[in-house]
Structure formats: structure tokens, C-alpha cells
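Written out below as C-alpha cells is the structure these notes cover.
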Amino acid sequence: MSTMTTPVLEARNVTMRFGGLTAVRSVDFTVNSGEIVGLIGPNGAGKTTFFNCLTGLYVPTEGTVSYKGTVLPPKPHLVTQAGIARTFQNIRLFANMTVLENVLVGRHTRTKEGLWSALLRGPGFKKAEKASEERAMELLEFIGLAHKRDHLARNLPYGEQRKLEIARAMASEPGLLLLDEPTAGMNPQETRATEELVFAIRDKGIAVLLIEHDMRFVFNLSDRVAVLVQGEKLVEGTSEVVQADERVIAAYLGEPFEGEPGEAEAAEVAAAEAEAAAPSTTSTKGEGQ
Amino acid sequence: MTDTTKTQPATRGLIPLPEAAARGLLLAGGIATAASAFLAWTWTSAFPGDLTINGYPGGLQWLTFTAGLLTTLFALALYGVRGLGWLLPARNNAPLALTALGGFGTTWFTVIAISNKLGGVVNLEPGGWIAAIASLLPVIGAFALHQQGVGEGSVKESIKAYLTKPDSIPAAQPLTPWLERAVITLVTILGLGVFTYGIDTEYGELFIGYLIVVAFSLWALNTAGLNDRFSRLVAHNRSFTLAMGFLAAIAFPFTQTDDHYANIGVNILIFGTVALGLNIVVGLAGLLDLGYVAFLGVGAYTAALVSGSEFSRFSGVQFPFWAAALTGAAASLIFGVLIGAPTLRLRGDYLAIVTLGFGEIFRIAVNNMDGDSGPDITNGPNGIPSIPDLNFFGFNLGQSHDIGGFTLGRFANYYLLMVLIMAIVVLVYTRAADSRIGRSWIAIREDETAATAMGINGFRVKLIAFALGASLAGLAGTVSAHVTYSVVPTPYQFAGSTPPNSAFLLAAVVLGGMGTVAGPILGAALLYLLPEKLVFLQDKSLLAFGIALILLMRFRPEGIIANRRQQLEFHETGQLAVPEQTTLTDEPATATKAGA
Ligand SMILES: Nc1ncnc2c1ncn2[C@@H]1O[C@H](COP(=O)(O)OP(=O)(O)OP(=O)(O)O)[C@@H](O)[C@H]1O
Ligand SMILES: [Mg+2]
């Protein structure tokens with residue numbers, strides 16, 4: 001398994017500052033081929049910002065990102081061209097295009113037909129369009145949306161929109177797929193299906209880097225997990241190592257106390273909820289009578 | 001009647017009448033309306049169209065007749081008369097209500113216009129009164145028909161219930177391919193007839209009446225589901241329909257005896273072609289360009305400079321038309337790239353402002369390049385006059401020619417040339433839209449960030465859209481220079497009371513329907529004809545135009561011809577909306593049950 005050790009993605013000393021706020025601070029990060037890597041951290045830790053630095057949506061204040069040994073220019077389309085594709089935390093499909101068209105747009109970097117070829121419609125154009133469509137349909141079969149090819153993306157249920165976003169990203173034939181919270185808003189059943197899907201993607205030889213808040217999901221899937229807290233990489237290692245690390249638990253619960261504040265807070269919330277619920281039930285009763 | 005009460009016991013009409021009476025009123029009223037067109041409505045021919053002769057309808061009376069006839073046909077279809085079932089496949093009331101309103105609208109408009117023009121209702125003959133009353137009958141009948149959803153909410157909601165299109169229209173019997181083509185041919189001929197009638201209307205009142213009848217009839221046909229059925233036929237026979245449309249466009253000048261109307265035709269085509277080019281930029285790529293008319297100007301000025309006009313700076317140079325057309329398109333393309341390269345890095349509002357600025361710069365620059373305040377190129381405000389007519393292999397477009405018994409005047413010749421240019425532009429538009437580059441334009445429009453993250457070089461594809469749109473406008477400009485004999489800076493402004501100007505071009509695209517082929521052409525035709533026909537509005541035409549635009553955007557934001565995507569976007573008729581609605585109506589029901 002020599003492939004296990006070749007790095008696909010190497011981020012060196014990536015720092016991102018917004019004015020006075022340092023959202024990502026000197027992060028070094030590597031993803032090797034064939035790996036599934038999880039990136040976790042509390043809200044606002046800088047995970048999405050880090051993704052944006054990797055994909056060229058943000059120009060990092062410091063540091064470099066390289067893909068398979070070559071440094072990437074911070075331009076989104078060149079990053080995708082090089083072989084890194086992504087999904088977004090808040091789904092960003094082309095809402096008024098059909099499911100098939102969305103995936104076809106993902107094929108953009110792997111096809112070349114320009115305006116002239118579209119206007120002249122030679123045999124090359126038709127062949128390329130047909131090949132693109134076939135490839136897109138394969139991907140739709142893969143994620144199980146082939147039967148909805150002509151639906152508008154905006155009309156898909158939430159879970160299917162997330163899947164379609166993955167298919168669209170895969171259409172660019174990436175070597176590395178970045179998924180930003182792929183299970184956000186999904187029910188347990190859909191989450192399990194997504195787990196299968198991520199494994200299947202890895203089996204196609206695509207390395208996966210994913211941000212997640214669902215811990216069970218991320219620890220099940222990942223060969224390696226990195227924890228980002230306040231822009232800094234706190235811990236990195238296998239699921240067991242990360243799960244056992246006290247600093248991670250502390251980071252998620254707040255500042256390093258014994259865990260009492262968390263308990264107290266929970267009790268407070270419960271009390272408040274009970275209080276809020278009580279009058280509302282009486283009022284509905286009153287209306288009924 | 002019995003079966004309607006059985007299946008829908010709760011329905012009733014807005015006007016309380018038995019269903020049978022309502023239907024009877026519709027049929028009788030429709031016939032009476034059509035018949036009233038044969039009476040004398042006024043005593044003097046001072047009102048245009050001569051509505052004074054019993055037995056011979058004139059002008060606006062024909063419109064009343066048409067509307068009455070349509071109402072009668074729909075009423076007969078409602079009765080289930082054999083052979084007319086296809087008119088009303090869903091057996092819904094909306095088409096009846098709409099045709100009745102169309103007849104009522106045009107008749108009452110006429111009667112009021114007569115009284116207004118001649119100074120009082122005394123100028124109406126009994127026939128006019130009869131027509132007014134007759135056209136009211138089907139309206140009463142239509143709104144007395146039993147209709148689901150009436151009486152549950154306000155009157156406004158009830159009226160809305162009458163006018164909405166049902167969710168599902170029964171599928172049509174499949175036709176044989178030959179029959180399908182026959183239907184398409186027939187519809188094309190009918191369409192040409194209707195369109196020609198509109199262009200040939202001789203006075204403003206007739207045009208308004210025409211618009212009322214056509215708008216309500218088309219709306220009625222749409223709610224009857226006939227438009228959907230026809231679209232399906234078109235989808236089966238796409239190239240045949242395109243060919244028919246092309247033939248119909250060619251046929252237009254042969255139906256005209258007065259070259260003035262061919263002039264209107266050629267101007268509509270120029271305006272429509274430019275609007276279609278703008279549709280690439282605005283409709284597909286989503287770039288708001290407020291200075292687009294400058295590219296038409298670049299094409300026109302380029303053609304004028306190489307036309308051989310003695311007032312041209314290069315008066316010795318006379319390019320053959322194909323070379324002039326290519327030069328004009330290329331010059332516009334270069335200007336498009338020059339303007340686009342610095343501005344297309346901006347998004348949204350900024351782009352609009354900057355293009356507006358560049359558009360004005362073009363006009364002002366052309367105005368000043370007269371040798372005094374700038375280099376001597378364009379003759380400044382005087383422009384370049386005496387542009388010679390085109391000559392193809394000895395066929396002088398400036399002269400009348402007899403072809404197969406038809407006389408084609410100067411404008412008819414240019415009209416035919418423009419049909420060819422428009423065909424090219426339509427081809428360019430449809431082919432570009434349905435390709436990798438077209439998809440990337442739409443992706444950029446939908447979500448630029450996601451599009452770039454999918455590997456699209458946003459700047460590059462936007463620049464291609466901008467340049468392509470510019471060169472198509474330039475191409476149209478080369479013809480327009482010859483049609484108008486001269487080019488001057490004034491038409492190439494941001495806003496004015498006559499087309500083309502950037503505001504009108506944009507309005508044509510939005511009004512007709514962004515992202516469609518037929519939409520901008522239709523929008524251009526309407527926006528050209530309105531100021532042309534409604535001369536009595538004069539300086540108020542811009543105001544009227546503004547009000548009309550606001551109303552349209554309020555009630556039909558996707559434009560007259562809806563793009564499939566936008567129809568879904570604006571009216572939320574997607575699949576998600578349906579289950580949502582049912583849960584919404586379910587909830588209060590269960591809540592009240594639980595409460596009781
Ligand atoms: N464009 C921006 N300008 C200024 N601040 C930003 C910008 N983008 C992100 N930030 C800030 O950077 C910090 C990290 O945000 P980021 O979205 O990366 O967090 P995250 O780890 O993805 O959180 P979540 O789990 O909620 O998605 C936040 O404090 C955020 O407000
Ligand atoms: Mg995030």
C-alpha cells in the first residue's frame with residue numbers, strides 16, 4: 001500500500017486574518033491518497049474558513065496549499081482544475097437548473113468545447129456533449145438520483161440536494177473531495193446512507209476531507225481526525241486518540257473546568273424549558289374549554 | 001346541471017344564478033355580442049373606422065365580433081357540443097370568463113372612446129347601446145357559473161378563483177405526425193394574421209382594442225390549457241416550427257401593400273435582434289448591462305463609415321455588405337471586450353452603473369468627434385447622412401421590385417435582409433444557450449461563487465457573453481445604418497421615448513421574458529408598436545409605459561413568455577410547494593378537532 005503515503009493535499013502554515021480576527025492560525029495539514037480525514041471543532045473555529053483557503057475562495061494571509069506536490073494558485077477555478085472539488089455548508093446548488101444540468105456544470109473543467117464549437121455543432125461537439133451526459137448520468141446513478149434528472153434542483157428535498165452537490169463536485173473528477181458538513185440537517189437514516197456514500201467515494205480512489213459536527217459519523221468514517229479550535233489545530237490523530245484527548249472535550253464544553261458549568265447550564269436550560277412549556281399547555285386547555 | 005351538483009355540491013357562482021341560466025346567458029350573450037358588431041354604433045364617420053353602417057362592421061367592431069365569436073365557441077364547448085371539446089379540455093370556467101371580459105373590454109372601450117371623441121353619449125346610435133349591453137351579458141353569465149373556491153373568501157379571491165388555470169389539464173389525444181404539422185402550420189398562419197393585423201392598425205383606438213382582445217384571448221387559451229398542448233406539439237416538431245416561423249416572417253412583407261408597415265416591420269426586427277443579443281448578457285449570464293445600445297451604435301457607425309457615403313470620413317471606401325457587416329460586428333466585439341475587461345470584475349449594482357456610464361460615454365464621444373472638440377471621425381451631432389442603399393448582385397435594396405406579382409418596396413427589401421440576420425442571431429442564441437458555455441453562463445447567474453468553485457473561470461465566460469452580445473448588436477447596427485439612411489448620436493442614449501435605447505432594450509427583454517427566444521422579440525414588437533401607434537399619448541407615453549411595466553412586474557414578473565425555470569422561481573409551483581400547502585391546511589383542522 002504505497003499509495004497510502006503519498007500526500008494529496010499539503011497545507012503549510014496557512015493563516016487567515018480578517019482585520020483583527022485571526023480565523024485560521026498557522027495550520028499545517030496533510031491528506032494522503034486513499035484517506036478519509038475528519039475536521040472537527042466548535043462553531044466558529046475556522047473550519048469553513050480553512051476550506052475556503054484550501055479552495056482559493058479566500059487568499060490566505062500566509063501559507064501555501066499544494067496539491068500532489070504543486071503549489072496551487074488561490075483561484076477557485078484553477079484549484080478545481082487541479083483536482084480539488086468541494087461542497088458547501090449552506091447548499092449552493094444552481095437552484096434553477098435541472099439535476100442533470102447541475103452535474104454537467106461540474107464537468108466544466110474536464111471538457112473544452114468553447115463558443116465556436118457550440119455554434120458550429122460539429123461531430124466533435126456532439127460527441128463531447130454525449131460523453132458528458134453519460135458521465136453525469138453515471139454519477140447520478142451512483143448517488144441514486146438518476147430518476148430525477150429533469151427536476152429543478154430547488155425542488156429536491158434537502159437530503160437529495162446535499163447528495164446532488166456531492167455528485168456535482170465529483171463530476172470534476174477530483175483527486176480530493178472536500179465536504180463541508182455533509183450530514184447537516186439529515187435524519188439518522190440519511191446520515192447512515194451518507195456514510196456509505198463517503199466510503200464508496202473513497203473506494204473510487206478519491207481522498208475525502210470532511211467537516212462534521214456529528215461525532216459518531218465522523219469517528220466512524222475517518223482514518224484520521226483533526227481538531228480545530230479558535231483557528232489553531234489542537235490535536236490530530238486516529239479516532240481513538242482524538243476521542244480520548246481531554247483538551248478536545250474541554251474545547252467543546254467551553255473553558256477547561258471540571259464539566260460542572262456544562263451540567264449547571266443544562267439544568268438551567270431544562271428548568272427554563274419546563275417553565276416555558278407549562279403556561280402554554282394551560283393556555284391551550286383554556287382555549288379548548 | 002344535475003351532475004355538477006352531484007359531484008361538487010358546495011360550489012356556487014359569484015353572481016347568484018342557476019347554472020343553466022348562467023350558461024344560457026353566456027351563449028346568448030356571446031352570440032348577441034358578435035351580432036351587435038353588425039349594427040351602427042354611431043352616426044358619423046368622424047370616429048375612425050366608420051362604425052355607421054348597418055350590416056358592415058368596421059374597425060373596432062370586428063374586434064367585438066371576434067371576442068363574441070370566441071365566447072360563443074367556448075360556451076358551446078362548455079355545453080359539450082361535439083367537435084369543440086378540444087377547445088376546453090379541462091371544462092374550466094376561466095377561458096369563458098376571460099373571453100367574456102375581452103369582449104366587454106373592447107366594446108366598452110369603443111363606446112367610451114366614441115363618446116369621448118365626439119363629445120357625449122348622444123353620439124351613440126342604439127346599436128352602440130345594444131353592443132354595450134350585449135357584451136355585458138356573457139360577463140354576468142361567466143361569473144354566475146358555479147366555481148370551486150367562490151364564496152369562501154373575499155370577492156377578490158373569488159374572482160381569482162374564476163381566472164386561475166387548473167393544475168392539471170387532461171392530456172390530448174395523440175395526433176399523427178402529419179396532423180401535428182398541419183396544426184402548427186395553421187397556428188403559424190393564424191399568428192401571422194393576428195400579428196399583421198396589429199401592425200396594420202391605422203389609429204390608436206383600434207390598436208388598443210386589438211391589444212385588449214389579443215391579450216384576453218391569449219390568456220383564455222392559456223387557462224384552457226391549449227398553450228401547453230401546443231408547446232408539446234412544438235417540442236415534437238422543433239425544427240419544423242422554426243422553419244414555419246421563418247417562413248411566416250418572410251411572408252409578412254408580401255401581405256403588405258404599404259411600405260410604411262414594412263418599415264415598422266424592419267424596425268421591430270432590428271430592435272428585436274438587439275434585444276435578443278442583450279438577452280444573452282442579461283437573461284443567460286445575468287449581467288445587468290445598462291449601456292447596451294452603444295454596441296448597436298458602434299455597428300451602425302462602422303457601417304456608415306465604410307458605406308461609401310460622401311459625408312463619411314473615409315468617403316472613398318465602400319465595403320461590400322458582407323464585409324461591412326463583419327467589420328461592424330468585429331468593431332462592436334472589440335468595444336465589448338474593451339468595456340467588459342475592466343468592468344466585468346465588478347458584481348451586480350456596480351456593473352450596472354459602470355455600463356451605464358460607458359454607454360453614455362459612447363454617445364458623448366460620438367457627439368464630440370467632429371474635428372473641433374475631438375478628432376474628425378463622426379461629424380458630431382450632424383452624424384453621417386446619405387448612406388447609400390445596399391446592392392446585392394445588381395439587386396438594389398433601395399428600389400421597389402416586383403416578385404411574383406407582389407411589389408416589394410425599399411423597406412420590405414431591408415425587412416427580408418433583417419429576417420436573415422435575425423435567423424442567424426436566433427441560431428447563435430439557441431446553440432450557445434444549449435452548450436457547455438451556455439450552462440456556465442446560467443451557473444454564473446445562479447451562484448457565481450459556486451460556479452467558480454466548479455471550475456468555471458467567471459471572468460472569462462462573462463467576457464465571452466458580453467462580447468458575443470455586443471457583436472450581435474453590432475451586426476444589427478450595420479443594417480440599421482442603411483435602413484435609416486443616416487446615423488446620428490441621439491438614438492444611442494440610455495433612456496428616451498422611442499426605441500431603441502438601453503432602457504427600452506432592457507424592458508423588452510424583461511417584459512417579453514428573460515432567457516427565452518420569443519420573449520425579447522415579442523417584447524421588442526410591443527415596445528416599438530406602443531409609441532408608434534399611440535401617438536395621442538405623446539409626451540405621456542413614457543409615463544404610461546412606466547405604469548404598464550410596474551403592473552406587469554407586479555402580476556407577471558417572469559415576463560409575457562415564461563422561461564420554464566423562472567415560472568417555477570416566481571410562482572413556487574414546484575413539487576415542494578404542494579405537500580407544504582396540504583400540511584398547512586391540515587393543521588388548523590386537527591387543532592380545532594383537538595380543541596373541541
Ligand atoms: N469573510 C469573513 N469576514 C470576517 N470574518 C469572517 C469571515 N468568514 C468567517 N469569519 C469569521 O471567522 C471565524 C470562523 O468562521 P468559520 O465559518 O470558518 O467557522 P466554522 O468552524 O466553519 O463554524 P461552523 O461550525 O459554525 O460552521 C468566525 O468568527 C467568523 O465570524
Ligand atoms: Mg462552517
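The values are calculated or read from the model by the stated rules, or taken from the named source; none is laboratory data. This structure is a prediction, so every number in the text was calculated from the model and none was measured. Don't worry about glycine lacking a Cβ; one is built from the backbone with ideal geometry, like all the others, and counts go over all protein chains shown.
Listed values, structure above:
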read-out: Strands (runs of 3 or more DSSP E) lying entirely in segment A:21-96 (those with 1 or more residues that are within 14 Å of ligand 1 (Cβ to nearest atom) and under 27 Å from A:M215 (Cα atoms)); value: A:21-32, A:36-40, A:84-86
read-out: Some residue of segment B:222-244 being surrounded by fewer than 20 Cβ atoms within 10 Å (Cβ to Cβ), in contact with an Asp or Glu (Cβ under 8 Å, 6 or more places away or on another chain) and not polar (S, T, N, Q); value: yes
read-out: Test result for B:F240, more than 20 Å from B:A432 (Cβ to Cβ), assigned to a helix (DSSP H, G or I) and outside the structural domain of B:W441 (by the TED database); value: yes
read-out: B:F65 within 28 Å of the chain's Cα centre (by Cα), surrounded by fewer than 24 Cβ atoms within 10 Å (Cβ to Cβ) and free of Cβ contacts under 8 Å to residues at least 40 places away in the same chain; value: yes
read-out: B:L427 being more than 10 Å from chain A (Cβ to nearest Cβ), part of a helix (DSSP H, G or I) and free of Cβ contacts under 8 Å to residues at least 12 places away in the same chain; value: no
read-out: Pick from segment B:452-467, criterion under 18 Å from A:E113 (Cα atoms) and more than 7 Å from chain A (Cβ to nearest Cβ), ranking: surrounded by the most Cβ atoms within 10 Å (Cβ to Cβ); value: B:A465
read-out: Meets criteria (under 20 Å from B:A473 (Cβ atoms) and loosely packed, with under 15 Cβ neighbours inside 10 Å) for B:L344; value: no
read-out: Residue selected from segment A:49-77 under the condition among the polar types (S, T, N, Q) and more than 20 Å from B:G455 (Cβ to Cβ), by the criterion nearest to the chain's Cα centre (by Cα); value: A:T49
read-out: Single residue of segment B:13-22 satisfying the filter (within 10 Å of B:H146 (Cβ to Cβ) and not in a loop (DSSP other than H, G, I, E, B)) that is nearest to the chain's Cα centre (by Cα); value: B:A22
read-out: Qualifying residue in segment A:105-115 (condition: assigned to a helix (DSSP H, G or I), hydroxyl-bearing (S, T, Y) and either more than 8 Å from every other protein chain (Cβ to nearest Cβ) or under 25 Å from the mean Cα position of the chain (by Cα) (or both)); value: yes
read-out: Flag if B:F254 is hydrophobic (A, V, I, L, M, F, W, C), touching a strand residue (DSSP E or B) at 6+ places or on another chain (Cβ under 6 Å) and outside the structural domain of B:Y350 (by the TED database); value: yes
read-out: Exclusive hit being within 16 Å of ligand 2 (Cβ to nearest atom), crowded, with 22+ Cβ neighbours inside 10 Å and at positive phi, set A:G56, A:G46; value: A:G46
read-out: Helices (runs of 4 or more DSSP H) fully within segment A:182-251 counting 2 or more residues that are within 16 Å of ligand 1 (Cβ to nearest atom); value: A:215-221
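Yes/no per residue for (1) more than 15 Å from the chain's Cα centre (by Cα); (2) at pLDDT below 95:
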residue	(1), (2)
A:L140	yes, no
A:L152	yes, yes
A:G159	no, yes
A:L164	no, no
A:L178	no, no
